[in-house]
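Reading through the structure tokens given below for one structure.
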Amino acid sequence: MRLVRRQGLILLALTLSLSLAGLTGTATGQAVKNPDTFIQVSFGDWDTFDYAWAYDTSSHTIIFNVYEPLIFYDGGRTDRFVPRIATTVPSVQNGLVSADGKTYTFPIREGVKFHDGTPMTAEDAAYSLRRFLLIDRDGGPTSLLLEPILGMTKTRDDKGNLVLKFSDLERAVQVKGNSVVVTLKEPFGPFLSIMALWSSVVSKKWAAANGDWDGTAATMARYNNLKKESSAFFEKANGTGPFKLERWDRAGKQVILVRNDGYWRTPARLSRVVFRSIDETATRILMLKAGDADSIAITRREQPQVEGDPNIRIIDNLPWLRTDAFFFTVDIDTRGNPDVGSGRLDGAGIPANFFSDIRVRRGFAYAFDYATFLQDAFRNQGTLPKGVIPPGMLGFDAKREYFSFSREKAIAEFREAWGGQVWERGFRATVLYNTGNVVREVGARILKDGVEALNPKFRLDVRGITWASYLAAMNDGKLPVFWVGWVADYPDPHNFAFHFLHSDGTFPQAQRFKNEELDRLIMQAIKETNRDKRQALYYQINQKFFELAPSVSPVNQVVFRVQRSWVRGWYNNPVFPGTYYYTIFKG
């Protein structure tokens, strides 16, 4: 199984090597503002800093600069790893992976201290993994490690009862001497690539002292699927990483990190990293041009406003494993929900199960003008979609049939939906996006235009809400139609297939979507060791994604970055949630 995955990754690594060439930049002689401080300005806010709860790139950008995993990706490569909290990357060759591929031994580094000055131990590393497996909040990241380590995709039964046993945690994650030994249920090819971002080490003693899980069987149940604000890690942090969390100013929409001068490696060159959230694009651009921001988030639409400035550098055509989509919730929580109108199929609203009819979902898919979206939101820098798996990954097929803009097909689908009632009565609902995300707002309005043009009785409203509120409403099943992008947790098609289509994946849980055939195909594909057979399975999964349309991919975008030309040391890795600031300096 591991060989199969590596064949695909080598191609990706070569692509990365080419794309990373020439990224060192050239200074233009301008005076460097705030030479020891990096200011990143984007839009949206942060959800939580709990490494086991957070599952969005905004939060993880903070987390992966404050905490450290056992191993880490080697620069921009996705097929090579370097030790971090572990002293050695396990392999069969060095004897740290068993011959049957199920047991991984991670020797733990000595002399590492947490930000509060206490020493980090193998017991902390084991506790951190066990806690990650235990938390398993709805729609969270726990399944990433739960699946390979315990052979489960969730820790609760259909009635919400905890089925995870403490003895399972103790057996699967053990401390032996100064090593942490992890035993998998079955060999799992991408295991190390998951560990490279998702094995953050936290302090067991600090966690217990701050009211979090103490690592015992007696208390474990109360921390399963806990509310994010109940976590000790929600707004505080005590990692071993190169930066320490100084402050999360939620009212001021700002996060400040300061250098960890006690870091076990050479301390970072930056003394501070400031993250600011400003929804107005014009303000972000002015800050960049004035040197008051070192890097900002903008879309292709605004790119011409920063082109030609000798003090600003645009790094384009970046490889990034990402799929964007608009999603339908098939069982909407209509209680007190302003986005479903009357809550009935009466022309003034939609019922909770409006999107349970495939015809409705496919009608929306055919009503979307993909080419206009590519032009208006991305200035044609991208390609039209072919399904859930991004280009360059096993299972992607550029020749596959997928949705295209077709008024005739959209009308045909809607006329059949709900036995003809949708076409006859009409409906009103809301398409939602996170505030400040211009691309998603543009997409939402194109969808509105396309759907409303089909029938004067069709009405779609468009509404933006803040990122944290958006995530909460999504997980609560309150968003009828919503836009989200997905960046790979690790470079394997399973990561997309599972979280877009498996009933225990992040989005299907939020959508209340379940298809038993898809569940079976997805689990069959991850266990398949023959590359050709595995690829054929992902072709089938992609075909079902098209037929069932639980969500619709509107574009394959080409990613770019904008930063001041005085920024040095930045590099891209297509699975990073954001910038890794340890290597960055200004000069």
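The values are calculated or read from the model by the stated rules, or taken from the named source; none is laboratory data. Please read these numbers as outputs of a predicted model, since none were measured by experiment. Don't worry about glycine lacking a Cβ; one is built from the backbone with ideal geometry, like all the others, and counts go over all protein chains shown. These area figures cover heavy atoms from the full protein model, side chains too; ligands, DNA and RNA do not enter into them. Shrake-Rupley method; radii C 1.70, N 1.55, O 1.52, S 1.80 Å.
See the values below:
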| read-out | value |
| --- | --- |
| Mean Kyte hydropathy of -0.5 or more with a Cα span along the axis of at least 18 Å, helices from DSSP in the chain | 2-20, 122-135, 438-452 |
| Computed helical MRE - 222 nm, the chain, DSSP H runs ≥ 4 contributing -39500 (n - 2.57), nearest 500 | -9500 deg cm²/dmol |
| The range 252-302 versus the range 355-375: alpha-carbon centroid distance in Å | 37 |
| Sites excluded, GluC sites (Glu not before Pro) in DSSP loops with at most 10 other C-beta within 10 Å, longest stretch of the chain | 308-587 |
| Computed accessible area, Ser58, all protein chains, 1.4 angstrom probe, square angstrom | 30 |
| Gyration tensor (alpha-carbon) shape descriptor, the range 465-565, a/c threshold 1.5 | oblate |
| Separation of alpha-carbon centers, the range 427-457 and the range 196-230, rounded to whole Å | 40 |
| The range 73-141-the range 492-552 distance, computed between alpha-carbon centres (Å) | 28 |
| Length-normalised contact order of the chain in % [C-alpha pairs under 8 Å, at least 6 apart] | 21 |
| Dipole in debye (nearest 20) - the chain, about Cα centre, beta carbon charges: Lys, Arg +1; Asp, Glu -1 | 620 |
